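Reading through the structure tokens given below for one structure.
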Amino acid sequence: MAKVCAKCHKEKSLDEFQADSRYRCGVHSQCKECRKEYQKWWNARNTKKNTEDQFRKQKRCPRCGEVKPPWEFASCPSKKSGLSSRCKSCRLKSEKRSKRQMLKDRLKTLYQMTTLEYDKLLIKQDRKCAICGIVMNKPCVDHNHSTGKIRGLLCVWCNTRLSALEDPRFYDSARRYLNG
């Protein structure tokens, strides 16, 4: 059986075409030779010309000012060089700093509390939940919803359950449900 190539328009046997289940006849519309030519053209057009040079060159991090090899930078397809502008260690420091800033803002807005007060409370409790005593990964600030007074730091598990107990309607409904 023979087929005409969509690129060179020559009639060729089916074994000169790449198998491809997306096509009705089960083979690609272009012969293997034309596909190979197209692939070479596409690779030349789409591959960065200086990829090899890129990995030989060193790059300066604008944050720390150090000149480092490319593998010290995260990949970033949107950049011309394909690498992030800041080195991995500077990015990590920046992310930690911003998490701390987010905590500071949240404490100030929700609880009128400083990070220093938060840290003192954390040390006072030895990083353990005030209810169950387990070491906390992400401490929650427990406060009285009526007065706003801070009671302590709780683990997520205890904080979730305590908030349900503080609502008398939920507590009564849950009691009735559990008693059957």
Contact order relative to length of the chain, as percent, for alpha carbon pairs under 8 angstrom and 6 or more apart: 8
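Return the tail of the calculated pair distribution for the chain, meaning the percent of Cα-Cα pairs more than 29 Å apart.
Summing the P(r) tail past 29 Å for the chain gives 62 percent.
Could you sort out which of LYS104/LYS124; LYS108/LYS138; LYS57/LYS99 sit more than 29 Å apart by Cα distance in this structure?
From LYS104/LYS124; LYS108/LYS138; LYS57/LYS99, over 29 Å: LYS57/LYS99.
What does the charge dipole of the chain about its Cα centre add up to, to the nearest 20 debye, if the Cβ of each Lys and Arg holds +1 and the Cβ of each Asp and Glu holds -1?
About 720 debye.
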Candidate aspartates and glutamates for bridging to LYS59, where Cα separation is under 12 Å - those fewer than 8 sequence places away on the same chain excluded: GLU72
Global geometry of the range 52-111, whether rounded, prolate or oblate, following the gyration tensor of its Cα atoms and the 1.5 cut on a/c: prolate
Those lysines that a straight Cα-Cα span of less than 16 Å connects to LYS40, excepting residues fewer than 8 apart in one chain: LYS7, LYS32, LYS48, LYS49
Computed [θ] at 222 nm, helices only, for the chain once each DSSP H run of length n ≥ 4 contributes -39500 (n - 2.57): -13500 deg cm²/dmol
Net length gained if the chain between LEU110 and LEU92 were fully extended (0.36 nm per residue, minus Cα distance): 3.8 nm
Farthest toward positive dipole pole in the chain [+1 Lys/Arg, -1 Asp/Glu at C-beta], among THR160, PHE170, CYS140: CYS140
Proximal charge balance of SER89 [Cβ under 10 Å; K/R count +1, D/E count -1]: +4
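FYI, it's all coordinate maths here, none of it is from the lab. Note that the structure is predicted; figures quoted are calculated from it, not measured. Reconstructed Cβ throughout: ideal geometry from the backbone, glycine too, with neighbour counts over all protein chains shown.
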